Ligand code: COA
């Protein structure tokens with residue numbers, strides 16, 4: 001699929017995905033969502049892609065939300081369809097089996113905050129701003145904000161953000177656990193890439209199953225989640241990577257993982 005609204009660039013195993021509508025602050029219109037779906041699929045299935053970084057074009061915005069011009073035209077059924085479509089695209093990213101990091105370079109509002117939350121880790125530049133301002137427009141979050149925000153920061157703070165539509169800065173987002181790290185704007189991509197490359201140097205099957213246990217386990221009972229974890233733990237014992245990781249530790253050398 002040729003991209004009109006995304007830049008998609010694979011460098012040394014990392015897919016760099018840039019939402020590229022800077023004149024509209026990278027707002028998520030239907031075209032962006034379709035292209036993000038194609039990008040998520042590539043990240044999931046292409047074996048030369050080991051992880052991904054999502055960011056926004058320009059200095060000002062990561063993504064300033066769903067495209068309000070398109071939302072203004074919707075009726076109840078296409079509104080629901082739009083929410084389901086956006087949710088499934090973000091869920092595909094979240095469950096793609098590879099680490100996906102958001103490099104939040106400016107406004108991450110509404111669908112932008114929701115996209116960042118569907119990523120596994122969030123690195124924010126000092127000038128990033130976060131919020132779920134939908135209620136100011138008479139709508140409510142539709143791309144997972146009501147579900148992922150309370151899971152990340154707890155119900156009380158999530159409700160405060162969702163019900164007031166307040167915008168918070170990067171330091172406050174860090175304080176409440178919405179972002180993992182705040183860095184100077186000039187080093188955002190380099191720091192995010194360094195974090196991801198560190199993860200990619202770990203056992204890839206272990207990373208994949210740890211991601212899956214957290215993503216799936218959070219929606220299970222404790223006993224079901226613990227069983228999933230134990231199954232993964234056992235499964236990893238069948239891999240060459242586990243043998244290599246443990247042997248290398250005992251031999252005081254750096255492991256070389258092969259992903260099998
Ligand atoms: N959807 C569609 N277009 C958007 C947009 C969105 N979510 N957010 C910004 N834009 C467009 C603006 O309409 C403007 O387009 P124009 O130049 O053709 O008029 C352009 O992006 C620049 O935005 P502007 O509002 O002029 O920038 P600003 O610096 O004054 O304000 C924001 C920045 C982020 C505070 C402001 O754009 C805003 O509040 N955006 C909407 C945020 C939101 O409610 N998101 C949730 C949507 S569900």
message: With the structure loaded, tell me whether residue 52 is away from the ligand (no atom under 16 Å from the Cβ), in a helix (DSSP H, G or I), within 22 Å of residue 105 (Cα to Cα) and in contact with a strand residue (DSSP E or B) (Cβ under 9 Å, 6 or more places away or on another chain) or whether it fails that test.
response: no
Which numbered condition residue 156 fails, given (1) away from the ligand (no atom under 15 Å from the Cβ); (2) more than 14 Å from residue 108 (Cβ to Cβ); (3) surrounded by fewer than 17 Cβ atoms within 10 Å (Cβ to Cβ); (4) within 19 Å of the chain's Cα centre (by Cα): (4)
- request: Please work out if residue 19 is in contact with a strand residue (DSSP E or B) (Cβ under 7 Å, 6 or more places away or on another chain) and within 13 Å of the ligand (Cβ to nearest atom).
  value: yes
- prompt: Before we move on, is residue 167 surrounded by 13 or more Cβ atoms within 10 Å (Cβ to Cβ) and more than 26 Å from residue 52 (Cβ to Cβ)?
  reply: yes
query: What number goes with the only condition from (1) touching a helix residue (DSSP H, G or I) at 6+ places or on another chain (Cβ under 7 Å); (2) more than 21 Å from residue 92 (Cα to Cα); (3) in a helix (DSSP H, G or I) that residue 216 does not pass?
result: (2)
Matching residues in region 65-96 - criterion: being closer than 20 Å to residue 116 by Cβ and not in a helix (DSSP H, G or I): 65, 66, 67, 95, 96
task: Output the residues belonging to region 22-49 that are outside any helix (DSSP H, G or I) and either within 13 Å of the ligand (Cβ to nearest atom) or crowded, with 20+ Cβ neighbours inside 10 Å (or both).
output: 25, 26, 27, 28, 29
- request: Sort through 118, 102, 128, 108 and tell me the only one that's farther than 30 Å from residue 209 by Cβ and in the same structural domain as residue 32 (by TED's automatic domain parsing).
  value: 128
task: Determine which member of the set 105, 127 is in contact with a helix residue (DSSP H, G or I) (Cβ under 9 Å, 6 or more places away or on another chain), more than 13 Å from residue 148 (Cβ to Cβ), buried (at least 24 other Cβ atoms within 10 Å of the Cβ) and modelled with pLDDT of 95 or more.
output: 105
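The values are calculated or read from the model by the stated rules, or taken from the named source; none is laboratory data. Everything numeric here is computed off the predicted structure, so don't read it as measured data. No Cβ is skipped: glycine too gets one built from the backbone with ideal geometry, and neighbour counts run over all protein chains shown.
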